[in-house]
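What follows is a single structure, written as structure tokens, with notes after it.
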Amino acid sequence: MATRYKLIMTLAAVALSTIFFASCATTPVEKPQALRHNQITMEDPAPALLAYQGKTPGEQEKIARSYEQQPPLIPHKIDGYRIDFKVNRCLECHDRPFYKEEQAPKIGDSHYRDREGKELTQIWMGRYNCNQCHVPQTDAPPLVSNTFQSIKTGN
């Protein structure tokens, strides 16, 4: 009985390994497609300059978010907007004291809390670099194919 069991197990193992190796031999291996279209030793060409979708702040609609908790997208161009340790051009319109007068979206309350959750009177420096999360939009072709579809419409 034990000999018969060993024979069956050995035949099963041989059959499975044969199937495995046969499938490896017949599966075509595709070379991965790189995003870089030239050799790594060659200099990359400069990307094409694309215009931002929005122009002047306040003259266009908000851009719908694609998923929950997505940072709002900047619907206007930000060329020349200064954001450094001394000046943040975004705050001139979107900070608490100015957003109503400027008719601009207010900065979220979470930006006025530090990492421990303490309420602050000014924007927390950890959130000071606006375009770290919030980005302007351009009509650029996708780098890779994408079938993403938002499950909700609107903001």
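Descriptive notes on the structure:
- Hits in region 89-107 - residues which are under 16 Å from Val135 (Cβ atoms) and out of contact with any helix residue (DSSP H, G or I) (no Cβ under 7 Å at 6 or more places or on another chain): Arg89, His94
- Some residue of region 26-47 being under 30 Å from the mean Cα position of the chain (by Cα) and within 30 Å of His94 (Cβ to Cβ): yes
- Any hit, region 41-49, residues being in a loop (DSSP other than H, G, I, E, B) and touching a Pro at 6+ places or on another chain (Cβ under 6 Å): no
- A Cβ distance below 6 Å, combined with a sequence gap of six or more or placement on separate chains, defines the contacts here; from region 40-56, residues that are within 17 Å of Asp139 (Cα to Cα) reach residues that are outside any loop (DSSP other than H, G, I, E, B) and modelled with pLDDT of 80 or more in the pairs Leu50/Thr138; Tyr52/Pro136; Tyr52/Thr138.
- Residue tally, condition among the hydrophobic types (A, V, I, L, M, F, W, C) and touching a Cys at 6+ places or on another chain (Cβ under 8 Å), over region 79-106: 3
- Residue check, Ile74 surrounded by fewer than 10 Cβ atoms within 10 Å (Cβ to Cβ) and either farther than 30 Å from Ser145 by Cα or β-branched (Val, Ile, Thr) (or both): no
- Per the listing Glu30, Glu68, the residue uniquely modelled with pLDDT of 80 or more and either exposed (fewer than 10 other Cβ atoms within 10 Å of the Cβ) or under 30 Å from Val135 (Cβ atoms) (or both) is Glu68.
- Any hit, region 3-21, residues being part of a helix (DSSP H, G or I) and of a type in the set (Lys, Arg): yes
- If the condition is being surrounded by fewer than 11 Cβ atoms within 10 Å (Cβ to Cβ) and among the polar types (S, T, N, Q), then region 106-154 contributes Ser110, Thr121, Ser145, Asn146, Thr147, Gln149, Thr153.
- Tyr67 hydroxyl-bearing (Ser, Thr, Tyr) and farther than 29 Å from Gln149 by Cβ: no
- Residue pairs whose Cβ atoms lie under 6 Å apart, separated by 6 or more positions or on different chains, with the first residue in region 121-141 and in a helix (DSSP H, G or I) and the second modelled with pLDDT of 90 or more, are Arg127/His111; Cys130/Cys90.
- Test: Asn88 is modelled with pLDDT of 85 or more and under 30 Å from Arg36 (Cβ atoms): no
- Per the listing Gly58, Gly54, the residue uniquely small (Gly, Ala, Ser), out of contact with any His (no Cβ under 7 Å at 6 or more places or on another chain) and in a loop (DSSP other than H, G, I, E, B) is Gly58.
- Candidate set: region 77-105, residues that are outside any loop (DSSP other than H, G, I, E, B) and touching a residue at least 12 places away in the same chain (Cβ under 8 Å); chosen: the one surrounded by the most Cβ atoms within 10 Å (Cβ to Cβ): His94
The values are calculated or read from the model by the stated rules, or taken from the named source; none is laboratory data. Here the structure is a predicted model, which means the values were calculated and not measured. Here the Cβ is made from the backbone with ideal geometry for all residues, glycine too, and neighbour counts use every protein chain on show.
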